[in-house]
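Trainee: Here's a structure for you.
The values are calculated or read from the model by the stated rules, or taken from the named source; none is laboratory data. Keep in mind that what you see is a predicted model, and the values were worked out from it rather than measured. Neighbour counts run over all protein chains shown; Cβ positions are idealised from the backbone, glycine included.
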Amino acid sequence: MNLFDLKEQLQGAGILMCFTGTFGRGIVEELGTAVKKYLESSDESRKSAMTDVFSVYIEAAQNVRNYSERSGASSREVIDANIIVIARSNEHYLVYAGNLVEPDDVPGLTSALDRLASLDKAGLKVAYKEQLRKERKPDGGAGLGLIEMARRASEPLRYTFTPTANGQSYFSLCVAI
Amino acid sequence: MNNLSLVATATTPAVDFNASTGLVALSGESYPENAFEFFKPLLAWVADYVRQSSGPLSAEIALSYLNTSSVKSVMDLLDQFEAAHRAGRTVAVHWHYQQENERALEMIEEFKDEVTLPFFIVAVPG
């Protein structure tokens, strides 16, 4: 592997940070602290945009980690599929998150994401407040992560589900800020 | 009952809950791996205080960023304050934020909307 080529490729794609593999204890948060320092030192003048990128990163990465944990994360395949990327395009910061999901979870996720895509800022605020008042899920999650990401985003969340050879589905999410 | 005091970490706030004054102080940021577990003893402390003391209950909060799981727990904490307020106890919340931090202000205002107790938002000049 030629690292210069890899570096050129990452730079060309505007990738600021990419992490893949085991989202082990504290790693998401440690990387988050590094991301925050990086964003604070950038020349971005809109402080709120920096907060939004950080917040979306945290919610996306913690979602991926929590999903792995919930599904037992026994299989190497599931863990190795986890990825989180922060990139910069001309107009936006982009936060990507990818992980393997069970086929049974696809319809629920799809309808949740499509519902969020249909809401404007005021509608998203209402959805957020409704969810805030619901009981926590059995795993302790608040169920607010996707709504939070949609609220911070400047356009609807984009996603794809790609069926894999072993009958699972690869969930890829892109949030533009 | 005992005071509850924790130093801040990169992902959890500083905690200083005083049993003799009923003053609950939280400052920093909160985005731990498991916010539910982190806040559990804090919520238990407030429940104990309300049970054991008839004194005032007040909060001095300077939390600038919360992940959504922490938002949920802080809402639970404010609900405890709201219940004490409705039961006739002297209750107040002061929430401080850096003036230029728009996102923090939006978050605090949304919490304030959820309760009727005396809730003061304090801008700190940057």
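Trainee: If residue A:166 meets every condition in (1) surrounded by fewer than 16 Cβ atoms within 10 Å (Cβ to Cβ); (2) part of a helix (DSSP H, G or I) apart from one, which number is that one?
Mentor: Going through the list (1) surrounded by fewer than 16 Cβ atoms within 10 Å (Cβ to Cβ); (2) part of a helix (DSSP H, G or I), residue A:166 breaks only (2).
Trainee: Here is a further query. Using the structure shown, decide if residue B:47 is touching a residue at least 24 places away in the same chain (Cβ under 8 Å), away from chain A (no Cβ under 11 Å) and surrounded by fewer than 16 Cβ atoms within 10 Å (Cβ to Cβ). So that I can check it myself, show each step before the final result.
Mentor: Values: touching a residue at least 24 places away in the same chain (Cβ under 8 Å): yes; away from chain A (no Cβ under 11 Å): yes; surrounded by fewer than 16 Cβ atoms within 10 Å (Cβ to Cβ): yes.
So residue B:47 fits the description; yes.
Trainee: Exactly one condition in (1) within 12 Å of chain B (Cβ to nearest Cβ); (2) part of a helix (DSSP H, G or I); (3) in contact (Cβ under 8 Å) with a residue 40 or more places away in the chain is not met by residue A:116; state its number.
Mentor: (1)
Trainee: What do you reckon, is residue A:176 surrounded by 12 or more Cβ atoms within 10 Å (Cβ to Cβ), under 24 Å from residue A:15 (Cβ atoms) and among the aliphatic types (A, V, I, L, M)? Explain how you work it out, then say what you get.
Mentor: Details: surrounded by 12 or more Cβ atoms within 10 Å (Cβ to Cβ): yes; under 24 Å from residue A:15 (Cβ atoms): yes; among the aliphatic types (A, V, I, L, M): yes.
In short, yes.
Trainee: Anything in segment A:12-51 that is among the polar types (S, T, N, Q) and closer than 20 Å to residue A:98 by Cα? List them, or say none.
Mentor: Within segment A:12-51, the subset among the polar types (S, T, N, Q) is A:20, A:22, A:33, A:41-42, A:45, A:48, A:51.
Listed by number, the residues that qualify are A:20, A:22.
Trainee: Only one of (1) over 24 Å from residue A:29 (Cα atoms); (2) part of a helix (DSSP H, G or I) is not met by residue B:42, so which one is it?
Mentor: The failed condition is (1).
Trainee: Listed residues B:53, B:58; which is surrounded by 14 or more Cβ atoms within 10 Å (Cβ to Cβ) and within 11 Å of the chain's Cα centre (by Cα)? First the steps, then the outcome.
Mentor: Numbers: B:53 fails: within 11 Å of the chain's Cα centre (by Cα).
Answer to the check: B:58.
Trainee: Considering only segment B:53-62, I want to know if a residue exists there that is out of contact with any Lys or Arg (no Cβ under 7 Å at 6 or more places or on another chain), within 11 Å of chain A (Cβ to nearest Cβ) and either outside any strand (DSSP E or B) or closer than 16 Å to residue A:55 by Cα (or both).
Mentor: Looking for residues that are out of contact with any Lys or Arg (no Cβ under 7 Å at 6 or more places or on another chain), within 11 Å of chain A (Cβ to nearest Cβ) and either outside any strand (DSSP E or B) or closer than 16 Å to residue A:55 by Cα (or both), one finds none in segment B:53-62, hence no.
Trainee: Residues to consider are A:77, A:44; find the one that is assigned to a loop (DSSP other than H, G, I, E, B), modelled with pLDDT under 80 and either more than 10 Å from chain B (Cβ to nearest Cβ) or surrounded by fewer than 21 Cβ atoms within 10 Å (Cβ to Cβ) (or both).
Mentor: Details: A:77 fails: assigned to a loop (DSSP other than H, G, I, E, B).
Just a single option satisfies the conditions, and that option is A:44.
Trainee: State which residue is nearest to residue A:139 (Cα to Cα) when the search covers only segment B:25-44 and only residues that are surrounded by 19 or more Cβ atoms within 10 Å (Cβ to Cβ) and touching a strand residue (DSSP E or B) at 6+ places or on another chain (Cβ under 9 Å).
Mentor: B:35
Trainee: Further question on the same structure: Show the residue pairs meeting these rules: Cβ distance below 9 Å; 6+ apart or different chains; first residue within segment A:133-152 and at positive phi; second residue assigned to a loop (DSSP other than H, G, I, E, B).
Mentor: A:140/B:34; A:143/A:134; A:143/A:136; A:143/A:137
Trainee: Mind listing just one residue for me: the one in segment A:5-41 that is under 13 Å from the mean Cα position of the chain (by Cα) and β-branched (Val, Ile, Thr) and, of those, farthest from the other protein chains (Cβ to nearest Cβ)?
Mentor: If we take residues in segment A:5-41 being under 13 Å from the mean Cα position of the chain (by Cα) and β-branched (Val, Ile, Thr), then A:20 is farthest from the other protein chains (Cβ to nearest Cβ).
Trainee: Within the bounds of segment A:145-160, is there any residue that is within 12 Å of chain B (Cβ to nearest Cβ), out of contact with any Phe, Trp or Tyr (no Cβ under 7 Å at 6 or more places or on another chain) and farther than 27 Å from residue A:89 by Cβ?
Mentor: Within segment A:145-160, none of the residues are within 12 Å of chain B (Cβ to nearest Cβ), out of contact with any Phe, Trp or Tyr (no Cβ under 7 Å at 6 or more places or on another chain) and farther than 27 Å from residue A:89 by Cβ.
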